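The values are calculated or read from the model by the stated rules, or taken from the named source; none is laboratory data. A quick note: this is a predicted structure, and the numbers were derived from the prediction, not measured. With ideal geometry, Cβ positions are generated from the backbone for all residues, glycine too; neighbour counts draw on all protein chains shown.
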Amino acid sequence: MKLLAQGDWINQGYSVVLQGPPGLGKTLLAIEFGRTAIYKGYYTLFINARDLYSKLQLIRQRYGTSLCSEQMLYCSKLLIVDDIGHAYVDGKLMIDLFCNLTELRTVI
């Protein structure tokens with residue numbers, strides 16, 4: 001945890017998955033990792049999985065499937081997506097997103 005708290009993994013491009021039952025503090029940890037990233041000067045985006053899915057659907061309805069139209073999601077160095085397990089979404093759309101995102105930035 002100390003290494004994660006230092007935030008060096010962000011610049012190295014590592015992603016982190018926090019999993020476990022409700023109430024363990026996964027969201028709190030993710031927020032603290034995000035704060036560390038901000039203090040280190042990284043642009044950080046924290047978004048709920050349902051909101052992310054809604055934004056992706058809206059972007060794709062308006063602009064098609066071009067990744068260029070999803071730039072607002074791709075401009076952050078650290079993207080924190082919360083409550084993935086609670087989102088009822090199109091799995092293929094989210095998998096495509098995460099495959100593309102993890103090639104370009106760090107994801108929690």
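Here are the numbers:
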| read-out | value |
| --- | --- |
| Verdict on ILE80 being at pLDDT 85 or above, hydrophobic (A, V, I, L, M, F, W, C) and not in a helix (DSSP H, G or I) | yes |
| Count of segment 16-62 residues which are small (Gly, Ala, Ser) and surrounded by 15 or more Cβ atoms within 10 Å (Cβ to Cβ) | 4 |
| Sole exception among (1) crowded, with 17+ Cβ neighbours inside 10 Å; (2) within 13 Å of the chain's Cα centre (by Cα); (3) at pLDDT 65 or above for ARG105, by number | (3) |
| Residue in segment 24-31 that is at pLDDT 85 or above and touching a helix residue (DSSP H, G or I) at 6+ places or on another chain (Cβ under 9 Å) present | yes |
